[in-house]
Amino acid sequence: MQPLELSAVDLVAAIHRGEVSAVQVAEAFLARIAKANGSINAFLHVDREAALARAADIDARRKAGKPLGALAGLPVAVKDALCTSDQPTTCASKMLAGFRPPYDAHVVAKLRQADAVLVGKTNMDEFAMGGSNENSAFGAVHNPWDLTRAPGGSSGGSAACVAADMAPAAIGSDTGGSIRQPAGLCGITGLKPTYGRVSRRGLVAFASSLDQIGPMTRSAADCALLMETIAGHDPGDATCLTDEVPRYTEMLEKPLTGLRIGRVAEHFGPGLDPEVAHGVEEAFAAFKAAGATIHDVELPHAKYGIATYYLVAPCEASSNLARYDGAHYGHRAEPGRGHRTSAGTTGEFESPLVEMYCRSRAEGFGPEVKRRIMLGTYALSAGYYDAFYAKALRVRRLIRQDYLDAFAEVDLIGGPVSPTPAFPLGEKTNDPLAMYLVDMYTVGTNLAGIGGISFPCGFTKGGLPIGFQLQGPALSEPLLLRAADRYQKLTDWHTRRPKLPA
Amino acid sequence: MALTRQDVAKVGLLARLALSGDDLDRMTGELSKIVGFVSQLEELDTETVAPLAHPLDTQNVFRADEPKPSLTTPEALQSAPRHDGSCFLVPAVLGESGAA
């Protein structure tokens, strides 16, 4: 048995039946990481000894006939934005280099309770701000399908490690597309659950009204398996929904006959790569062949999504990231090195404390994080609040209403995840606005607080994955997962693997 | 919509970010471009639309007012850049001297 080739569902079953041990599975993936991570840089931290000890403990408990959790022995990689009490948590920022949180994120605790084997922390755009993973302070991630290209972001390490068989499953977070876009660009399946479906406690906050944690795996069935563990109410997150968690894995079988899928004409406008458009149209045809019907729907305010998002998210970020002050944890600038500042020179700060704040933050944050803090601070400042922040919140309501209206007509909305396949590293790094536009099809889901899933629906002639996105109403995860799973039972795009240097 | 270098310097201080002269020059250009882009929202008439700060309709989620364990002092201080075992140490809040 070759553990690297098994799905998460099959791995858990094989370990449960004793066909392979948790230690053998952990060793296989750790060996793969040792071989492949050097060229991909998907992991910021790998905890080999702890993973093997954990796996050995699971094997011992299984042999002793003790009860085991639902993910017993499954290696899971976790985005470095989730707090882990026994591993560093850096958010790929110099600000948090070496930071050890005093507690586990709720999702991390749930994974441990389910007896998953946490193999390490994955690379990401700094503080989850970016769409290419090039904003990591610890180096870019390379797309396993073409090492000269970006894996997408911000959960680029989580996407790349699953695509390159370094882990069968990973956890990501999605504020404007950060699960779905890298999943699409790396040829894997990623679910952004409804806002509040998964607890955000212990997820380093970026934009609290948009952030949501979700699974990134090779298939929709594997996403369903992880969701049964990570979803559910947590009193420690006041925005976490109390609705009961469905048995997602048992709701995948029903055929798609009669399913109404919406198609938005504007998704196929200028800027969409023709090969991506072709792959997406083929997926619509496949859904039709599976019994679904395709309907034109309108999202009249979707074109304002990026502008709305790039006000709401930076405003929330400027507030959330105020906590990095060099006083409680994280980077602190050494005193008195004479740094020229916005106020003139060091001597012109109102106090040594303010100087310490300003210089610690200037040294600890990278350029994109600073840009967003500045943009958000500006949009929230006196005289601009109504024109920018309040305006964006009003448009946000219009965007959400568009979805509510559309979902009165159709069950799900389909379309592209990203306008292009994976782009070359460095192509957009000097043009922040061009980078922002990679999120054009994904930000609406977050602004509306609904669910979305992305999965591969073909490849370009150059061998790059093409992603298909389905969006559904709040708490439609059972339907999103079922539709994607049915599609994956009829196609084999999700089973393709990149050829990596041996 | 163009921001001036002074606007950016003021925002830098509000955001507690020390910016060099080069930072100011670069950010003035970048932020002007981004603010120009997001200003497209002005096209929309939103006079009668209420702001939506949060996608859920839930408000004021309360819990029972019961004491629960929280971080111990050593746990809270474990990542502090400077501390004295019971408090975080920071430079002087007022005035020029007494940096910790």
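A few notes on this one:
- Beta bridge orientation in chain A: antiparallel %, DSSP, nearest 5: 65 percent
- Other residues within the sphere of radius under 14 Å centred on the Cβ of A:Pro416, judged by their own Cβ, net out at -4 (K and R +1, D and E -1).
- Anisotropy class of the protein assembly as shown from Cα gyration tensor, a/c 1.5 cut: oblate
- Theoretical FRET efficiency, 1/(1+(r/R0)^6), r = Cβ-Cβ of B:Gln40 and A:Gln401, R0 22 Å, to 0.05: 0.70
- Segments A:369-379, B:29-39, B:64-74 sorted - mean Cβ within 10 Å per residue, highest first: A:369-379, B:29-39, B:64-74
- Protection proxy ranking of A:168-180, A:40-52, A:138-150, by the mean of other Cβ atoms within 10 Å over each peptide's residues and highest first, is A:168-180, A:138-150, A:40-52.
- Sequentially through region A:152-167, phi angles give Karplus couplings (6.51, -1.76, 1.60; θ = phi - 60°) of x, x, 8, 7, x, x, 5, 5, 5, 6, 6, 4, 9, 6, 8, 7 Hz, Gly and Pro residues having no value and appearing as x.
- Summarised in one figure, the compactness ratio Rg/Rh of region A:69-224, Cα atoms and Kirkwood Rh, is 0.93.
- Inter-chain Cβ neighbour count for A:193-204, averaged per residue, equals 1 (cutoff 10 Å, partner chain atoms only).
- Lysines whose Cα lies under 30 Å from that of A:Lys254, excluding same-chain neighbours fewer than 8 positions away: A:Lys110, A:Lys192, A:Lys288, A:Lys489
- Percentage relative contact order, chain A, counting C-alpha pairs under 8 Å, at least six apart: 18 percent
- Computed over region A:276-398, the range of Cα coordinates on each principal axis works out to 70, 31, 23 Å, biggest value leading.
- Calculated from backbone phi, Karplus (6.51, -1.76, 1.60) coupling profile of region A:55-62 in Hz, x at Gly/Pro: 5, 5, 5, 5, 4, 5, 5, 5
- Between A:Leu44 and A:Lys121, A:Thr122, A:Asn123, the built amide H atoms are under 5 Å apart, and every one of these is 5 or more places off in sequence or on another chain.
- Contact order relative to length of region A:436-502, as percent, for alpha carbon pairs under 8 angstrom and 6 or more apart: 27 percent
- Between A:Gly262 and A:His295, A:Asp411, A:Leu412, A:Ile413, A:Gly414, the built amide H atoms are under 5 Å apart, and every one of these is 5 or more places off in sequence or on another chain.
- Each of B:Ala9, B:Pro67, B:Ala80 was placed along the dipole of chain B (beta-carbon charges, centred on the mean Cα), and the one lying farthest toward the positive end is B:Ala80.
- Amide hydrogen neighbours beyond the local backbone of A:Thr84, cut-off 5 Å, H modeled: A:Ala105
- Number of partner chain Cβ atoms within 10 Å, mean per residue of B:32-45: 6
- The Cα-based radius of gyration of region A:423-493, divided by its Kirkwood radius, gives an Rg/Rh of 1.05.
- Kirkwood Rh and Cα Rg combined as Rg over Rh, evaluated for region A:132-290: 0.98
- Selection from A:Thr293, A:Leu256, B:Leu31 lying farthest towards where the dipole of the protein assembly as shown points positive, charges on Cβ: A:Leu256
- Debye, to nearest 20: dipole size of the protein assembly as shown, +1 on Lys, Arg Cβ, -1 on Asp, Glu Cβ: 1000 debye
- Relative pair counts by distance (%), Cα atoms of region B:1-94, 10 Å bins: 11, 18, 20, 27, 21, 2
- For region A:395-433 versus region A:118-193, the spacing of their alpha-carbon centroids is 18 Å.
- Note on chain B: with charges restricted to the Cβ of Lys and Arg (+1) and Asp and Glu (-1), its dipole about the Cα centre is near 400 debye.
- Charge dipole (debye, nearest 20) of region A:86-154; +1 at Cβ of Lys and Arg, -1 at Cβ of Asp and Glu: 120 debye
- The order of the peptides A:448-457, A:70-79 by mean Cβ neighbours within 10 Å, most packed first, is A:448-457, A:70-79.
- Look at the dipole of region A:338-473 built from charges on Cβ: of A:Gly452, A:Pro416, A:Ala390, the Cα furthest out on the positive end belongs to A:Ala390.
- Global form of region A:352-502, assessed from the alpha-carbon gyration tensor, a/c cut-off 1.5: oblate
- Net charge of Cβ neighbours under 12 Å - reference A:Tyr436; Lys, Arg +1; Asp, Glu -1: 0
- Take each residue of peptide A:387-397, count the partner chain Cβ atoms within 10 Å of its Cβ, and average: the result is 6.
- For region A:1-66, diffusion coefficient by Stokes-Einstein and Kirkwood Rh (Cα), 10 °C, 1.306 mPa s, µm²/s: 125 µm²/s
- Each Lys or Arg adds one and each Asp or Glu takes one away; over the other residues whose Cβ falls under 15 Å from the Cβ of A:Asn133, this sums to -4.
- Gap separating the Cα centres of region A:1-51 and region A:223-302, nearest whole Å: 29 Å
No value in this document is a laboratory result; all are computed from the given coordinates. From a predicted model like this one, the values you see are computed outputs, not experimental measurements. Because the Cβ atoms are built from the backbone with ideal geometry, glycine has one as well, and the counts that use them run over all protein chains shown.
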